[in-house]
Amino acid sequence: MNIYHEPAAEMSAKARDLTRALASLKEEIEAVDWYNQRVDLTEDEKLKKLLAHNRDEEIEHACMTLEWLRRNMDGWDEQLRLYLFTEDDITDPEDHDQDSNAGKDSDNLGIGEL
């Protein structure tokens, strides 16, 4: 399966590494979901414990990949700092940002409010 939507040979090594990390993150999240479904359905407690362990390992891998992305791809650090480890409503930072920009002449490219 090709993970590139553009010619890989024309992409920088960094761009190819970012694509690899993003693909890996998707795969880890998918594995978390699969294991979690199996944990939910199995009635065998020993199997449930094993599958939960496997799910938690996949969560660890996803978090490690997120941290790599935070360090290596523009945008991740700012967004993760804005949304993670807060107790406010998840949409509050967005609402606050929109409120603080209300009435300002912004660079909206003439497309108006979305």
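The values are calculated or read from the model by the stated rules, or taken from the named source; none is laboratory data. Since we're looking at a predicted model, the values are computed, not measured. Positions of Cβ are generated from backbone atoms using ideal geometry, with glycine treated the same way; all protein chains shown enter the neighbour counts. Areas reflect the complete protein model, heavy atoms only, side chains present, ligands, DNA and RNA absent. Shrake-Rupley method; radii C 1.70, N 1.55, O 1.52, S 1.80 Å.
For region 36-79, give me the residue count where each residue is small (Gly, Ala, Ser) and more than 16 Å from Arg20 (Cα to Cα). Even if it seems obvious, please write down each step before you answer.
First pass over region 36-79, keeping only residues small (Gly, Ala, Ser): 52, 62, 75.
Still in the running and more than 16 Å from Arg20 (Cα to Cα): 52, 75.
The qualifying residues number 2.
For residues that are open to solvent by 70 Å² or more (accessible area, probe 1.4 Å) and of a type in the set (Lys, Arg), scanning just region 27-65, find the one that is farthest from Ile3 (Cα to Cα).
Lys46
Of the numbered conditions (1) open to solvent by 80 Å² or more (accessible area, probe 1.4 Å); (2) at pLDDT below 95; (3) assigned to a helix (DSSP H, G or I), Ser100 satisfies every one except a single condition; which is it?
Unmet for Ser100, out of (1) open to solvent by 80 Å² or more (accessible area, probe 1.4 Å); (2) at pLDDT below 95; (3) assigned to a helix (DSSP H, G or I): (1).
On the given criteria, is Arg16 over 24 Å from Asn2 (Cα atoms) and surrounded by 13 or more Cβ atoms within 10 Å (Cβ to Cβ)?
Details: over 24 Å from Asn2 (Cα atoms): no; surrounded by 13 or more Cβ atoms within 10 Å (Cβ to Cβ): yes.
It is false that Arg16 is over 24 Å from Asn2 (Cα atoms) and surrounded by 13 or more Cβ atoms within 10 Å (Cβ to Cβ).
How many residues does region 45-80 contain that are of a type outside the set (Val, Ile, Thr), closer than 30 Å to Ala15 by Cβ and assigned to a helix (DSSP H, G or I)?
First, pick out the residues of region 45-80 that are of a type outside the set (Val, Ile, Thr): 45-58, 60-64, 66-80.
Next cut, closer than 30 Å to Ala15 by Cβ only: 57-58, 60-64, 66-80.
This time we only want the ones that are assigned to a helix (DSSP H, G or I), so: 57-58, 60-64, 66-72, 76-80.
The qualifying residues number 19.
Does Thr86 count as assigned to a loop (DSSP other than H, G, I, E, B), free of Cβ contacts under 8 Å to residues at least 60 places away in the same chain and out of contact with any strand residue (DSSP E or B) (no Cβ under 9 Å at 6 or more places or on another chain)? Talk me through it step by step, then tell me what you get.
Working: assigned to a loop (DSSP other than H, G, I, E, B): yes; free of Cβ contacts under 8 Å to residues at least 60 places away in the same chain: yes; out of contact with any strand residue (DSSP E or B) (no Cβ under 9 Å at 6 or more places or on another chain): yes.
Yes; evaluated as a whole, the condition is true for this residue.
Would you check which residues across region 27-51 are more than 21 Å from the chain's Cα centre (by Cα) and closer than 23 Å to Leu66 by Cβ and list them?
From region 27-51, those more than 21 Å from the chain's Cα centre (by Cα) are 38-51; that's our starting set.
Result: Val39, Leu51.
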